[in-house]
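Working notes for the structure below.
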Amino acid sequence: MPRLQDRAPAREPTPYAELNTVLAHLVDGVQRRLGDNLIGVYLQGSFAIGDFTPWSDCDFIVVVERDLAPDEIPALDALHEEIHQLPCPYWRQGLEGSYVPREVLRRWSTEPRDPPGEPRGPDWGDPGMSGAPPKAYPFWHLDHGAKALVRSEHDNSQVVRWCLREKGVTLLGPPPRTLIDPVTPAMLRAEILDTIALVLKLDLEPMRLVAWQAFWVGLFCRMLHTLSTGAVWSKTASLAWAQASLDPKWRELVARAAAVRKGDEAQSGQPADPADVEATRAFARYAAEHAVSVARSHDLLERKQAARRGGFQPGGPFGGPVGGGRPGGGQFTPPPMRPGSRRGRG
């Protein structure tokens, strides 16, 4: 088998020439800096699922054999500083992703929670997730537009694993399906129910701008779409699904959210309509109730199917995972994009 460094990286993984230049620099740079520690480089998010636009983030995952040591980080920070100097004004700031140890990527778990020699106290706040407390293993993460890596659980989720395993774009390395165990619909449902609860605790804040208000509508549409289908979908697909599948009273609200365009400061940067703000919070309450109903129905069906097969187990989001769900809680959802700065996800 050829060494990883001998395998030719994908040079045109996206339709955007400038982004491909940025990605080629990333792949070449991590190869030089990580050497035999590098397993592979992949795209997830919208460039894997579809419906990406010239305003999308480009979400990447670098898989490593062993986690990066703090004294190895300066070389990678220098790489991301180099990328910010490339003659690609838009895409040089469009990367967002994480460096992930192979064994931690394999399946979601709360063990180990902390990297070796880097214990986090209960007062630790996740810099990539709006100060969320520690729960699972933090990767070395590059936030959108950043030049330096930070420890964050941002990409340590079932949704990211599903996207990478089922739809991931390989820039270099083995197929991602060989690195990640299957993520079942029950696992996704458990995580999404936790995420909904956390978002409601935030009271859907901030919501001062049109972009933020539309983000929350799109987020709930995506979560409900995944709950109903057991798969992860793009925002565009989920907004269309919501208009066709949810209570018609929300159709106009969802349509207005779908009409908001990333990168259009004159539109998305305007103050949110107070009526739409109130309607969005009402939609969130509806979505939370609908989500519990959908999850219960799927959970009951899976229990019956397992019992018929002679493998009944008291699982699912309402009593532990059927087929192995997400123990201990869900993924904290960070605040949405800031128009003119942080772009929206996927």
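The combined condition, being surrounded by fewer than 20 Cβ atoms within 10 Å (Cβ to Cβ), of a type in the set (K, R) and at pLDDT below 95, is not fulfilled by R32. Here A291 does not qualify as modelled with pLDDT of 95 or more and either surrounded by fewer than 20 Cβ atoms within 10 Å (Cβ to Cβ) or not β-branched (V, I, T) (or both).
Rundown of residues vs (1) touching a residue at least 12 places away in the same chain (Cβ under 8 Å); (2) closer than 19 Å to S56 by Cα; (3) outside the structural domain of L202 (by TED's automatic domain parsing); (4) surrounded by fewer than 20 Cβ atoms within 10 Å (Cβ to Cβ), yes/no style:
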site	(1), (2), (3), (4)
H84	yes, yes, yes, yes
Y90	yes, yes, yes, yes
E118	yes, no, yes, yes
W124	no, no, yes, yes
P133	no, no, yes, yes
P138	yes, no, yes, no
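Of the listed requirements (1) closer than 24 Å to N20 by Cβ; (2) at pLDDT below 95; (3) of a type in the set (A, V, I, L, M), L172 misses just one: (2).
Restricting attention to region 184-239, and to residues there that are of a type in the set (D, E) and assigned to a helix (DSSP H, G or I), which single residue is modelled with the lowest pLDDT? So that I can check it myself, show each step before the final result.
Going through region 184-239, the residues of a type in the set (D, E) turn out to be 191, 194, 203, 205.
Still in the running and assigned to a helix (DSSP H, G or I): 191, 194.
Details: E191: 95, D194: 92.
Only one residue tops the list, namely D194.
The one condition from (1) among the charged types (D, E, K, R); (2) in contact (Cβ under 8 Å) with a residue 60 or more places away in the chain; (3) assigned to a loop (DSSP other than H, G, I, E, B) that E111 does not meet is (2). Tell me, yes or no, whether region 235-255 has at least one residue that is in contact with a strand residue (DSSP E or B) (Cβ under 7 Å, 6 or more places away or on another chain) and either closer than 15 Å to V210 by Cβ or exposed (fewer than 15 other Cβ atoms within 10 Å of the Cβ) (or both). Within region 235-255 (the criterion being in contact with a strand residue (DSSP E or B) (Cβ under 7 Å, 6 or more places away or on another chain) and either closer than 15 Å to V210 by Cβ or exposed (fewer than 15 other Cβ atoms within 10 Å of the Cβ) (or both)), the answer is no, since none of the residues qualifies.
Residues are listed down the side, and each one gets a yes or a no for (1) under 23 Å from the mean Cα position of the chain (by Cα); (2) assigned by TED's automatic domain parsing to the domain that holds V217; (3) free of Cβ contacts under 8 Å to residues at least 60 places away in the same chain:
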{"position": "V232", "(1), (2), (3)": "yes, yes, no"}
{"position": "K235", "(1), (2), (3)": "yes, yes, no"}
{"position": "W241", "(1), (2), (3)": "yes, yes, yes"}
{"position": "Q267", "(1), (2), (3)": "no, yes, yes"}
{"position": "D276", "(1), (2), (3)": "no, yes, no"}
{"position": "A287", "(1), (2), (3)": "yes, yes, no"}
{"position": "L301", "(1), (2), (3)": "no, yes, yes"}
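Being crowded, with 18+ Cβ neighbours inside 10 Å and either under 22 Å from C58 (Cβ atoms) or aliphatic (A, V, I, L, M) (or both), is that true of even one residue in region 108-116?
Of region 108-116, the ones crowded, with 18+ Cβ neighbours inside 10 Å are 108, 115.
Retained after the next criterion (residues that are either under 22 Å from C58 (Cβ atoms) or aliphatic (A, V, I, L, M) (or both)): none.
There is no residue in region 108-116 that is crowded, with 18+ Cβ neighbours inside 10 Å and either under 22 Å from C58 (Cβ atoms) or aliphatic (A, V, I, L, M) (or both).
Beta carbons closer than 6 Å, at least 6 apart along the sequence or on distinct chains, pair a first residue in region 170-193 that is more than 14 Å from R102 (Cβ to Cβ) with a second that is aromatic (F, W, Y) and assigned to a helix (DSSP H, G or I) for V183/W162.
The values are calculated or read from the model by the stated rules, or taken from the named source; none is laboratory data. Remember, predicted model here, so these are calculated numbers, not experimental data. Ideal geometry is used to build each Cβ from the backbone, glycine not excepted, and the neighbour counts take in all protein chains shown.
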